[in-house]
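Single-structure report; data block below.
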Amino acid sequence: MIIDVHGHYTTAPPQLQAFRDAQLAGERTTMAPVSDDELRASVENNQLRVLRERGGDVMIFSPKASGMEHHVPDPGVATDWARASNDLVHRVVGLYPQTFAAVAQLPQTPEGNIDAVVHEVRRTVGELGFVGVNLNPDPSGTWTGLPLTDPSWFPVYEVLEELDAPAMIHVSTACNPNFHTLGAHYLNADTSVFVQLLMSDVFDRFPHLRLVIPHGGGAVPYHWGRFRGLAMRNGWQDPADLFRNVFFDTAVYHQPGIDLLLKVVPASNVLFASEMLGAVRGADPETGIEWDDTLRYLDGATLDDVERARVLHDNALLVYPGLAGRFA
């Protein structure tokens, strides 16, 4: 069984965006009803079809990342938006329980909104059966907040440990025009969070916390020597020490990138992911391979049977134990 740990509901019915537009216009409203047939139509010719055509079996499914828009400061708006987005994802999972598993958007704001964040973790993971959450290390969209290793984040880590659920580190929209959301902001965040963790003792405090850094870790594999050298120079922990708690996904869109990731990071810390339907769509004209058909790149990588099983299936069950009861 092949498990894709990184899929987004980028094809949600238009009622969801209409609700968001009304929110941002200052209206206090509810979302128009969405039928089960509309939900089916939104995924059957999109994520569901593509997953099956490429040979995948299960997708971990979360709301559209760039649409989380945590920079909007109103806590009530953030809470209502996260709840509406998560409830639609939950309904999709209910329609296709053998294919999708849910990961939650959190109602973060630049000021934190931590009580509401913890409540939504408990509601989605503890009550609705979501297998994890997406955690934005930069709710402001401008990097004006505190690092993920600051104690202000600890209540979130406490509830994740309690519920034995991981968080994928995933920013949303960039609010600084110097950083393209998909081309720079996402990868900057992946790299920055890895260094924040490298400098901290957060995993001494939360030894069972598991974090997934997507997009192949940003610059992490390419600059592993830099991180090791800085760690030695500054008395930080060895970067390899983070492998007890930090994992990387394969949303990397060319063969050399996948090859480097698997040379630097142990196969036991890499999880198969496509990010579809997400940042890059269409095919590479040089190879004819769809950019986000990352299973093809893994087929071209040097992996033995044990390593391949870990990347495509086993690691997902370990990192997301909520999957194990359904997809072991």
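Once the mean of 1/r is taken over each pair of separate Cα atoms and inverted, the stretch 1-45 shows a Kirkwood hydrodynamic radius of 12.4 Å.
Report the full-extension gain for the segment GLU111 to LEU24: residue separation times 0.36 nm, less the Cα-Cα distance, to one decimal in nm. Numbers along the way, then the final one.
Working: separation 87, 0.36 × 87 = 31.32 nm, distance 1.79 nm.
Net length gain for the segment: 29.5 nm.
With the cut-off at 1.5 for a/c, could you classify the stretch 210-328 from its C-alpha gyration tensor as rounded, prolate or oblate? Since a/c reaches 1.5 but b/c is at least a/b, the shape of the stretch 210-328 is classed as oblate. Taking packing as the residue-averaged number of other Cβ atoms within 10 angstrom, the listed peptides 82-93, 26-37 run from highest to lowest as 82-93, 26-37. The mean accessible area for residues of the chain, using a 1.4 Å probe and ignoring ligands and nucleic acids, is 42 Å² per residue. Surface composition of the chain: carbon and sulfur make up 51 percent of the accessible area, probe 1.4 Å.
Between GLN98 and THR287, the distance separating the two model label sites (each 7 Å from Cα on the Cα→Cβ line) works out to 3.1 nm. With only Lys, Arg, Asp and Glu charged, each at its Cβ (+1 for the first two, -1 for the last two), find how big the charge dipole of the stretch 92-190 is about the Cα centre; round to the nearest 20 debye. Computed about the Cα centre, the dipole is about 320 debye. A straight chain from MET232 to VAL118 at 0.36 nm per residue would run longer than the Cα-Cα distance by 37.4 nm.
The values are calculated or read from the model by the stated rules, or taken from the named source; none is laboratory data. Model, not experiment: these values are computed from the prediction. With ideal geometry, Cβ positions are generated from the backbone for all residues, glycine too; neighbour counts draw on all protein chains shown. We work out accessible area using only protein heavy atoms, side chains counted, and drop any ligands, DNA or RNA first. Shrake-Rupley method; radii C 1.70, N 1.55, O 1.52, S 1.80 Å.
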